[in-house]
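The numbers here are math on the coordinates, done by the rules we state, and not lab data. Model, not experiment: these values are computed from the prediction. Here the Cβ is made from the backbone with ideal geometry for all residues, glycine too, and neighbour counts use every protein chain on show.
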Amino acid sequence: MTQPPQWGAPQQQRPPYQQPYQQPYQQPYQQPYQQPYQQPYQQPYQQPYQQPYQQPYQQPYPQPGYGPPQQPAPPMYQQQPPPGWLPPKPSQLTVLAVLNWVLAAGIFGIAAFVILSFLMSGGTLVVGIILAVLIALFGVFNALGALSINHPHFPNTTASQMSGIVTIIFLGVMLVRSVRRGAAELLPSLGVGVLMCVCAFGLFLATRPAVKQWIVAKHRLSLAQGHVPRNRR
């Protein structure tokens, strides 16, 4: 039981006022601001422009009896050479003439060699001379072919071709004869073989289109200048 206060008794002192404990204010934790991630801008892929394929225009084939009549194409203009003009002489023709002279000289040399061989072997000289003359005739044919190529008004390669064909046959016979004799006729065989190659090359040059065209142009120019071929006189 609580005793009632007694009068006159010393008054009890109250304990000093103590402020209740207050926890210090702590600012709530705020997460630092982070800028949201933004993906870098990428330009959308644009396919390069391709021009659509256009089929080339084809003119419809006109049916017979329909449409306007077709006009013939105008002739192409070709510049005509001035009168009296002659194209330059082809180099093949010059080489052909030189080869004919070389063949003539080579065959004359073979004829001289035949005479010397008969003199050194003690054979009948008359037979050697006759054989040398026959051989020299082929050289004369080639010389005539070279002169016909260099004719001042009416050059031609007919004589050169004919002499070349006859000469290459003759040289072929001589080559076979020399080869059969073996090593004793080695040097003559080489000479005959070289002449055969020269003769074949001359026949090749005589058939070149440039040579034929120049000869035709030269004949026309000579006729226009009033020259007459020998076979028409």
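Give a residue-ordered list of calculated ³J(HN,Hα) values for the stretch 215-222 (Karplus: 6.51 cos²θ - 1.76 cosθ + 1.60, θ = phi - 60°; whole Hz; x for Gly, Pro).
So the Karplus estimates, Gly and Pro as x, are 5, 4, 5, 5, 5, 4, 5, 5 Hz.
Between VAL176 and LEU147, what is the FRET efficiency for a Förster distance of 35 Å, r being their Cβ-Cβ separation, to the nearest 0.05? Please report the intermediate quantities before stating the final value.
Working: r = 31 Å, r/R0 = 0.88.
Plugging the Cβ-Cβ distance into 1/(1 + (r/R0)^6) gives 0.70.
May I ask you to derive the FRET efficiency for VAL166 and THR94 from their Cβ-Cβ distance with R0 = 25 Å, giving the value to the nearest 0.05? Write down the numbers at each step before the final one.
On the way: r = 23 Å, r/R0 = 0.92.
Working from the Cβ atoms, E equals 0.65.
Would you please give the residues with an amide H less than 5 Å from that of THR157, counting only those at least 5 places away or on a separate chain, with H modeled from the backbone geometry?
none
Based on a Kirkwood Rh over C-alpha pairs, give the Stokes-Einstein translational diffusion coefficient of the stretch 151-205 at 37 °C and viscosity 0.692 mPa s in µm²/s.
267
Can you compute 3J(HN,Hα) from phi for each residue in the stretch 128-139, using the Karplus curve 6.51 cos²θ - 1.76 cosθ + 1.60 with θ = phi - 60°, rounded to whole Hz and x for Gly and Pro?
x, 5, 4, 5, 5, 5, 4, 5, 5, 4, 5, x
What does the highest-first list of 149-160, 96-107 look like by mean Cβ count within 10 Å?
Per-residue Cβ counts within 10 Å, averaged per peptide and sorted highest first, yield 96-107, 149-160.
According to the square roots a ≥ b ≥ c of the eigenvalues of the Cα gyration tensor, what is the shape class of the stretch 91-221, taking rounded for a/c under 1.5, prolate for a/b larger than b/c otherwise, and oblate for the remainder?
Since a/c reaches 1.5 and a/b is larger than b/c, the shape of the stretch 91-221 is classed as prolate.
Once a ≥ b ≥ c are taken as the square roots of the eigenvalues of the Cα gyration tensor of the stretch 189-233, is the result rounded (a/c under 1.5), prolate (a/b larger than b/c) or oblate (a/b not larger than b/c)?
In terms of gyration-tensor shape, prolate.
With each pseudo-label sitting 7 Å past Cα toward Cβ, what's the MET120-THR158 distance in nm, one decimal?
So the label points at MET120 and THR158 sit 4.3 nm apart.
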